[in-house]
Amino acid sequence: MTAVLCRHFGLKHIETAEDIASDTFLKASENWAINGVPDNPAAWLYAVAKNKIKDYFKRISVFEAQVKEVIKQNETEAEPDFEFNQQNISDSQLAMIFAVCNPNNSAKSQICLALQILCGFSIEEIANAFLTKSETVKKCLHRARTNLRNDNFQIQSLRKTEIQSRLDTVLKILYLLFNEGYFSKTNDQLIRKKLCSESVRLALVLTENSLTNTPQTNALLALMCFQSSRLEARTNSKGEAILFDKQDKSRWDKSLIERGCFYLVNATNGNEISKYHIEAGIAYWHTTPTDKNKWQHILQLYNQLILIEYSPVTALNRTFAFAKVYGREKAIPEAEKLNLKDSSYYHGLLGYLYAESDIDKAVYHYEKAAQLTKSRTEKQTLTKEIERLKEENCR
Amino acid sequence: MKEFALIFRLKDAADFQPSPEQMQERMNWLGSIAAQNKLADKGNTLLPVPGSAKTVRPDNVVTDGPYTEIKEFISGYIVVKAATIDEAVEMAKGNPIFKIGGNIEVREVLKRD
């Protein structure tokens, strides 16, 4: 709703738009509590919002009329002709996504803004997701909003050139938003799921417009679907992480896997191979039953991915896939070459690789990993593994 | 960190078309260097086939391919980051090209400004 309003009035009035939106929902909660939920709640909300806007502009124009003499001009502005129809809503959301994903802001503040404006998260929820203080989030959002207002990005128009030049940034932010949920520092399952589903929703908005429905967008959406399919299976009832090998595959969401395949096929309509394509490919292979070539496919995709963009996580995952294909023994020198001594995942991987051949070394690395990790559940999982190995050693 | 070009040479043009297994080995080697964040440039393959290779000599003499006079031909190159040439040589040693009689020349890169 904020998106539709902003598109109409411009980003300068984002606060007003947000006020009207929240007023509308307030009124809804009062009214619906007494009269029950109307047949078409969305239409009801938009009708109320529309009236509130008219009121707002009437007030403004009265005020302006007393101060200025340019009443006529204001009146034309005061009676904006717009509709909350499906087309306008999805176009406006798209425009808002593009406005929020502004490269002038840091990636982190873009994500915060997206969460607040596009996903309707409260400051507390954002702080919770990032494990930071509300005050920090508030400051970050304030700075980001000031930048947005000063930016002359035109939210009304969705011109081809602007969309194309900013689509990469938009996809990157949606990718990070999803990862924030999928690999979140927070243990709050609800927030994690909400982050993931919101990024899927926003990516879906992109597929609804022919300008943004690119192979890359589809690849990203496929990746999100494949990853989301494992959300339920990834944690046990206590919220502890379950490693991939030990997950109950019947808890994977088959319909999401199917949708992932659908978007992955759409993503091949073109010649470009982006890192989203490759990551979606890797995620796809993970959903398939183990056969003799599965990990070879995954390893080769990781080889391609690391050539496109180096990241320590990719390097470590690649080595894990290498171990799956060529055995842990051969993967040890590969892993040690990475030399990522400050990473808990690096030591976690070496612990895993040594577990079959050299329990002392395995324990040493698992202990290092437990020291370095910031996640409590991770620490628990590692400690359990260390105890198991020590027991095995005594026998 | 210095940069070194690794220049691949093959003896037989028939070896240029790798089998899927050879391709996997090659990619594993390249991926391993990239995973250490030591790949400066993933380089390119240089096609040795007729029509894709010519040598220009003085007096407008143009010959097909490089293989009329020398037995080896350059099949490609990459650029790696390493502290010393010895480290770059160590990286080169893992390449599967030696299994098919190829060799690798390691050369420090002096960048043009």
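Region A:253-292: which GluC sites (Glu not before Pro) are DSSP loop and have at most 14 other beta-carbon atoms within 10 angstrom?
Within region A:253-292, the qualifying GluC sites (Glu not before Pro) (loop, at most 14 other Cβ atoms within 10 Å) are A:E272.
Using a 10 Å cut-off around each Cβ of peptide A:302-308, what is the average number of partner chain Cβ atoms that fall inside?
6
Quick one: how many lysine pairs does chain B have with C-alpha atoms less than 26 Å apart and a gap of 8 or more or different chains? Give me the count, please.
Value for chain B: 27.
Filter the trypsin sites (Lys or Arg not before Pro) in region B:29-85 to those in DSSP coil with at most 13 other Cβ atoms within 10 Å of their Cβ, and list the result.
Those that pass, being in a loop and sparsely packed, are B:K71.
Modelled label-to-label distance, A:K27 and A:Y326, 7 Å Cα→beta-carbon offset: nm?
In this crude spin-label approximation the distance works out to 6.7 nm.
Checking the table A:K337/A:K361; A:K246/A:K294; A:K193/A:K390 against a 28 Å threshold on Cα-Cα, which pairs fail?
Cα-Cα > 28 Å for A:K193/A:K390; rest within.
If you average the C-alpha positions of region A:101-174 and of region A:207-225 separately, how far apart do those two centres end up, in angstrom?
20
Just grab the label-to-label distance for A:E356 and B:N37, each label 7 Å out from Cα along the Cβ direction, in nm (one decimal).
3.0
What Kirkwood hydrodynamic radius do you get for region A:86-213 when you take the inverse of the mean 1/r over all pairs of distinct Cα atoms, in Å?
14.8
In Å, the Kirkwood hydrodynamic radius of the protein assembly as shown over pairs of distinct alpha carbons?
26.9
Only sites in a loop by DSSP and with at most 12 other Cβ atoms within 10 Å count here; which GluC sites (Glu not before Pro) in region A:302-344 make the cut?
Passing sites in region A:302-344 are A:E309.
Each value in this text was obtained by applying a stated rule to the coordinates, not by laboratory testing. On a predicted model such as this, the values are computed, not experimentally measured, just so you know. Cβ coordinates were reconstructed from backbone atoms using ideal geometry, including for glycine residues, and neighbour counts include every protein chain displayed.
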